[in-house]
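Undergrad: Encoded as structure tokens, here's the structure I'll be asking about.
The values are calculated or read from the model by the stated rules, or taken from the named source; none is laboratory data. Given the structure is predicted, the values throughout are model-derived calculations rather than measurements. Reconstructed Cβ throughout: ideal geometry from the backbone, glycine too, with neighbour counts over all protein chains shown.
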Amino acid sequence: MIKLFLKEIFLMGLNRGLLITFLGGSLFILFFNLWGRTLVMMKHNRYAEVAKEMIQSGDWVVPRFNGEIYLHKPPFLFWLIALPSNIFGSVTPFLARLPSAFFAWIGGIVVYLWGRKIWGGERYGLISAGVLISSHLYFWQGRIARTDMVFSVLVLLSLYFFYLRYHEDTPDSPSPPPSPVKRLCRNSVHGSRASPRTDYDMLKINHLAVRPEPFDSPFVLSLSKDERFAQDRHVEGRMTNYDTVSKGRGRHRNYLLTGLSFLSMGLAGITKGPVGLLLPLSVMTLFLLVKRELRLLIRRDFLSGYFVMTFVLGAWLVPFLSHVGWDQALEVWQETKILTRQEPFYFYGYRIWIDFAPWSLFLPSLFIYYWRKERNQDEKFLILWFFGLFFFLTLFPFRASKYLLPVFPALALLMGGFWKNRSTTLFWVLFLCAITVWHGYEFKLVQGNENRSRGILIEKELRPFRRDIFFAYRMDIDILGKINFYGDTVIPQVNRIKDLKREIGGEKEILIITPQRVIEDLIQEGFHITPVKIIEHKDTSFILGKIQ
């Protein structure tokens, strides 16, 4: 598949340079200085530490954080971090952020191809992708080691393949005016008078006629019905039985596209849980409900898609439950606080202006534009995608700005259509300004790396004592995660007195690191603690003590 995709890049005629420029430019924007910052922000190193412990323990089925089973998120992101880290020997800030940056790049490519298809031009695909990768939330989520970017792009891929699958059954659906290449394909097929042909038109038509591509080529899957019709019929000037060939190929395409859609959905499920299934399925169902085509959900290819999705989910769940057992899994799940962010119901109403900046400046004009115009099928799908997920997330009682990320591709694609009759000068000015500001702010963050990281400073103080028997008592799990991550070891966390007594056992003496405020609790329980070092950072003090 990758080989075919790369081959198509070099067969796009005069647009080859534009596509290569986009691929290289977006890669540079999203990956530049990705290694600059340490994992200093709260919880940004948590998933990196889980991946590190996965490598150290050799257990790739049961995720652990600070030595304890970790069920805040399923393991797909941990695997993505651990795989390259295992090859290079350690988990680094760059390798921890690599999955987010890579998926952000993939998301930009998909939006580019999608925008090119529905708006009928390379320029508008480029604008759609540019809006996406330069928006505030998308840019920053692509540069931190968290699940949200990977999850959002998997949702995007699921909806993209569903969109391609749906158009297999609706070749005559309303669409924007065809491009010159599409008109030439249609004219050559139906025998009508052709419009004047440019060099690029002739190159593409000749390629389709003389060198037909496999039906599952990524480039062919993105073509319109008419372009594929031309490819099937104009093979070195000979006519083929289009009805027979097209029917077989169309059926295989349906299964392929539906399988890819549900594969992406399943991967989203093992990235962030059931919401990975709920979001794309809700958009698909809402669209098919509006189109009165819900029967599509029980077609054979969709039934096979449900099997693919279930297989992906079971590939992790079954081994996990066989390792830890139902009882322990349920106990850990009940103790895990996953959803804690409660914001007012109007939270997303103002956050979108910040998170979609600078393009949120055009949201009023965008909504007015699509309200007044006669909307085609593609535009209706994007509008349902955006408003359906936006209202769903608004009604959900737990809210955070990063939860909005799956709606951004829909907004970016709508923005590409909005810009069709407008000058691109303003777009390029805003795009370059946004990228400059985001990278400039990150450069400022790099300068304060160590001053902002409590975990790094504490880990440096603990290095001389690493060979002793060590426990952490009631430490903040993210501070302890940073200590473990940068110390390349695991200091177990103990939160209850009885567990600490059990861990001490028959040991003559052990070391513990604990916040100073809880020392009195240990003394009242009869522990004799000799302070070894007091570590102060800002408004918090930690005591490294020896229990005898």
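Undergrad: Any chance the range 462-469 includes a residue that's surrounded by 15 or more Cβ atoms within 10 Å (Cβ to Cβ), within 30 Å of Ile55 (Cα to Cα), touching a helix residue (DSSP H, G or I) at 6+ places or on another chain (Cβ under 8 Å) and at pLDDT below 80?
TA: Yes, that holds for at least one residue.
Undergrad: Is it the case, given these coordinates, that Leu77 is closer than 17 Å to Glu53 by Cβ and of a type in the set (A, V, I, L, M)? Don't jump to the end; show me each part of the working.
TA: Values: closer than 17 Å to Glu53 by Cβ: yes; of a type in the set (A, V, I, L, M): yes.
Yes, satisfied.
Undergrad: Quick one: is Gly24 over 30 Å from Asn484 (Cβ atoms) and at pLDDT 90 or above?
TA: Yes; evaluated as a whole, the condition is true for this residue.
Undergrad: Name the one entry in Trp385, Trp371, Trp359, Trp353 that is among the hydrophobic types (A, V, I, L, M, F, W, C) and exposed (fewer than 11 other Cβ atoms within 10 Å of the Cβ).
TA: None of the others qualify; the one that does is Trp371.
Undergrad: Still on this model: Quick one: in the range 296-339, of everything that is among the polar types (S, T, N, Q) and more than 26 Å from the chain's Cα centre (by Cα), which residue is modelled with the lowest pLDDT? I'd like the intermediate steps shown before the answer.
TA: Applying the first criterion (among the polar types (S, T, N, Q)) to the range 296-339 yields 304, 310, 322, 328, 334, 336.
Checking which are more than 26 Å from the chain's Cα centre (by Cα) leaves us with 322, 328, 334.
Details: Ser322: 89, Gln328: 80, Gln334: 74.
Per the criteria, the residue is Gln334.
Undergrad: Among the residues of the range 517-546, which ones are surrounded by 15 or more Cβ atoms within 10 Å (Cβ to Cβ) and among the small types (Gly, Ala, Ser)?
TA: Within the range 517-546, Gly545 is the sole residue that qualifies.
Undergrad: Here's a follow-up. Of the residues Arg351, Arg375, Arg295, which is part of a helix (DSSP H, G or I), within 30 Å of Leu260 (Cβ to Cβ) and assigned by TED's automatic domain parsing to the domain that holds Phe391? Even if it seems obvious, please write down each step before you answer.
TA: On the way: Arg351 fails: within 30 Å of Leu260 (Cβ to Cβ); Arg375 fails: part of a helix (DSSP H, G or I).
Testing whether each residue is part of a helix (DSSP H, G or I), within 30 Å of Leu260 (Cβ to Cβ) and assigned by TED's automatic domain parsing to the domain that holds Phe391 leaves just Arg295.
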